[in-house]
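A.B. asks: Just dropping this structure here.
The values are calculated or read from the model by the stated rules, or taken from the named source; none is laboratory data. Quick caveat: nothing in here was measured; it's all calculated off a predicted structure. Backbone-built Cβ (ideal geometry, glycine too); neighbour counts: all protein chains shown.
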Amino acid sequence: MPEKTRLSRKQNPAGDLAIEPPYREALAGILSFSSFAAAEETLRRLEKFCRNYRAVSDKKGVEYCRQIAFQGRRRAELISRNPRVQLRKRLQKQEIAAWFRIWLETPEIFEAWLALRKGTREFQDLLQSEASDRSKPGDKDASGTEIS
């Protein structure tokens, strides 16, 4: 049986997941939601991996992709509820958490849903606030750690 390795968050940005080779190498560093573009790229890459794993009936590979997306959703939700994080950043993370939720629940409609969502005024306002964040140094939590 292949050896499973628990990776720390620094080694595995997906969180404290036990991912065994060769999945660990393929999926390393895939989780990023520092911006809307990064979150979208993460979900597109996860979907591509899922399609490839499904094509060869690799249930374990599909499950690892889902676990990573679940970690992304959970971490985005945690940031969105943290009162030490600026409101606009919390709203952005709340939006990103919703993206992960939709992808996890209904991956077959995610692309169409995202295209519609990106056309809404509400999303355009969030995108504008993200753009204004990029022109300033990163938000920091109470300990001084940058929040991405």
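A.B. asks: Of the residues Arg51, Arg81, Arg45, Arg73, only one is of a type in the set (D, E, K, R) and touching a helix residue (DSSP H, G or I) at 6+ places or on another chain (Cβ under 6 Å); which?
C.D. replies: Residue meeting the stated conditions: Arg73.
A.B. asks: Take the residues of the stretch 35-66 that are among the polar types (S, T, N, Q) and surrounded by fewer than 16 Cβ atoms within 10 Å (Cβ to Cβ): which is nearest to Trp113 (Cα to Cα)? Outline the logic, then answer.
C.D. replies: Step one: list which residues in the stretch 35-66 are among the polar types (S, T, N, Q), which gives 35, 42, 52, 57.
Filter once more, keeping what is surrounded by fewer than 16 Cβ atoms within 10 Å (Cβ to Cβ): 52, 57.
Numbers: Asn52: 22, Ser57: 26 Å.
Step by step, filter the stretch 35-66, then rank; the result is Asn52.
A.B. asks: Could you run through the stretch 82-93 and say how many residues are within 25 Å of Leu17 (Cα to Cα) and free of Cβ contacts under 8 Å to residues at least 12 places away in the same chain?
C.D. replies: Going through the stretch 82-93 one residue at a time, the tally reaches 1.
A.B. asks: At pLDDT below 95 and under 10 Å from the mean Cα position of the chain (by Cα), is that true of Ala14?
C.D. replies: Judged against the criteria, Ala14 is a match.
A.B. asks: Hey, another quick one. Would it be correct to say that Glu108 is surrounded by 12 or more Cβ atoms within 10 Å (Cβ to Cβ) and either assigned to a helix (DSSP H, G or I) or at pLDDT below 95 (or both)?
C.D. replies: When the stated conditions are applied, Glu108 does not pass them.
A.B. asks: Follow-up question, since we're still on this one. If I ask for residues that are free of Cβ contacts under 8 Å to residues at least 24 places away in the same chain and hydroxyl-bearing (Ser, Thr, Tyr), which ones from the stretch 33-57 would you list?
C.D. replies: Selection gives Tyr53, Ser57.
A.B. asks: A further question follows. Does Glu47 satisfy being modelled with pLDDT of 95 or more and either within 18 Å of Ser129 (Cα to Cα) or of a type outside the set (D, E, K, R) (or both)?
C.D. replies: So Glu47 does not fit the description; no.
A.B. asks: Can Leu31 be described as surrounded by 14 or more Cβ atoms within 10 Å (Cβ to Cβ) and modelled with pLDDT of 95 or more?
C.D. replies: Yes.
A.B. asks: It is to be established whether one or more residues within the stretch 74-81 are more than 21 Å from Ala26 (Cβ to Cβ), of a type in the set (Gly, Ala, Ser), in a helix (DSSP H, G or I) and free of Cβ contacts under 8 Å to residues at least 24 places away in the same chain.
C.D. replies: Yes, that holds for at least one residue.
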